[in-house]
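Data block below; observations after.
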Amino acid sequence: MDKYRKLNLFTLELGSDLCLEKTLEEILKSIPLIREETFDKYGVVIPNVRIKENKALKSLEYVIKVNGYAAGRFEFKKNSILILDTGFVKTKMTGKPAKEPVFGVPGLWITKGKRVEAEQNGYVTLTAPKVIRVHLQEKIKENLSSVITTQYVGELLDEVLKENEFLCTQLVKKYGNASLTVVKLVLCSLLDEEVSIRNLLPILETISNEPKFDRAKIPALVNKVRCSIIPDIIGSLGERNNDIKALLLSQKLSESMFNNLTETGEIAFNPAIRKLFSNELSLKISEMIDQGFSPVVLCVEPLRYSVKFFFDSLGISNIHVLSDMEMTAAIRKMNTSLQVFATIGEDFVPTTENAKEASGNEKTLEASRSKKISNDDYVRLQEKLNQIVGNLEPFEQKVLSMRFGLGEERSHTLEEVGNAFDIPLEKIRRIEAKALRLLRKNANSDE
């Protein structure tokens, strides 16, 4: 697949000062590591990242492009270095406020001469090569499905053909000219949910067992494929002894979701209901993380794809959605145990009328939003939450803000928070758990 790797799907353009020998050397060294880590984790061979100087950029600016479009950019300050407060800073330093570009963590610009002082005081110092590496790695992860082109799938199957001719023959016999398309759609769907495709044979075997190609049934096919590689999915959760604790969608909520499904498989709840559901789910996720569990939601198999899409639309990306079929497969293949952590949607269940309201005219939608915002109870709740969060240590506030998207564009995974502060994941998990315990303790003491 050497020929394919030469495609310029990902491009890193650098300003003139970032092309200086020492800086450029560190950036170049990071690229093979990113490619190796991506393959080890997701089973995807990403093409070489093209690195070039762009004289149109400012001297300390860089741009990451995906398929020719700018996906991220940042500009460093001359003779300055970016520092982040870890929450364990001994002496506060002054500098120009800034935000690191990958996760939006607040930081400070200080002069390079103060770097040693900052590190001795407990700050994390971010060099240009480190920022660029993490930023590039995140953009590659976000766009992994873009790597899976028809050409990529064709060359992938050529590799499989060398050792498993029968399987490839079955695929072609079953789907004909559509075989590459089917495999591509399935692989892209898996990667969009950050599921590794490294264990390729069971994926292809499951696809080959389908009776015929129907694009509308791709989500159902993806669910079957997930069952075939469930050990990999469960293993990625990192739970001890593969024991899973999950949030369960109540039967009434599941029925309501079915009733509000659109033709494209989206769950059409109106904005007010989406907000209530998001709040309840976020609280339960916080409780799970507080107790050291990976956030997992369990639902019935026909809803899994729609539920995951619904969570993504709410900005809740740090959660795994498993179906009852997948859990059955996990219990059978891995002796996995399942415990229900909590049931979601027992007290509040939307109806089909809510979906009709959501699809009404703009005046109806605006009235719904205005009613939601002006609700006295909601305002008091927001004030109380702000007061509680204000009592936490600065770094604890930052961890919660990044993890759950408070004041951010989106929520962030544990790995993303760890990368942002250059701190081991377990340390971030302990800090996060401590912050959540304090938050809950303060909330309960005022009841």
Among the residues listed as V307, V321, V297, the single one being surrounded by 17 or more Cβ atoms within 10 Å (Cβ to Cβ) and in a helix (DSSP H, G or I): V307
Test: residue in the range 154-164 that is closer than 25 Å to I31 by Cβ, part of a strand (DSSP E or B) and within 30 Å of the chain's Cα centre (by Cα): no
Qualifying residue in the range 175-198 (condition: modelled with pLDDT under 80, in contact with a Pro (Cβ under 9 Å, 6 or more places away or on another chain) and not assigned by TED's automatic domain parsing to the domain that holds H320): no
Residues located in the range 289-301, provided they are over 8 Å from S323 (Cα atoms) and modelled with pLDDT of 85 or more: P295, V296, V297
Within the range 31-60, tally of residues that are within 26 Å of L190 (Cβ to Cβ) and among the hydroxyl-bearing types (S, T, Y): 2
In the range 71-94, the residues that are more than 18 Å from V134 (Cα to Cα) and either of a type in the set (A, V, I, L, M, F, W, C) or surrounded by fewer than 13 Cβ atoms within 10 Å (Cβ to Cβ) (or both): K78, N79, F88, V89, K90, T91, K92, M93, T94
Number of the exception - T262 against (1) modelled with pLDDT of 80 or more; (2) surrounded by fewer than 21 Cβ atoms within 10 Å (Cβ to Cβ); (3) within 23 Å of the chain's Cα centre (by Cα): (3)
Top-ranked residue of the range 54-70 - restricted to ones that are touching a strand residue (DSSP E or B) at 6+ places or on another chain (Cβ under 8 Å) and more than 24 Å from W109 (Cβ to Cβ), ranked as surrounded by the fewest Cβ atoms within 10 Å (Cβ to Cβ): G68
Residue check for A118: surrounded by 15 or more Cβ atoms within 10 Å (Cβ to Cβ), small (G, A, S) and over 25 Å from E138 (Cα atoms): yes
Test for P97: is it at pLDDT 90 or above, more than 25 Å from the chain's Cα centre (by Cα) and surrounded by fewer than 19 Cβ atoms within 10 Å (Cβ to Cβ): yes
Matching entry among E13, E26 (being assigned by TED's automatic domain parsing to the domain that holds T127, buried (at least 16 other Cβ atoms within 10 Å of the Cβ) and in contact (Cβ under 8 Å) with a residue 40 or more places away in the chain): E13
Among the candidates K58, K41, residue that is basic (K, R) and closer than 19 Å to P101 by Cα: K58
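The values are calculated or read from the model by the stated rules, or taken from the named source; none is laboratory data. Note that the structure is a prediction, hence the values are computed from the model and not measured. Positions of Cβ are generated from backbone atoms using ideal geometry, with glycine treated the same way; all protein chains shown enter the neighbour counts.
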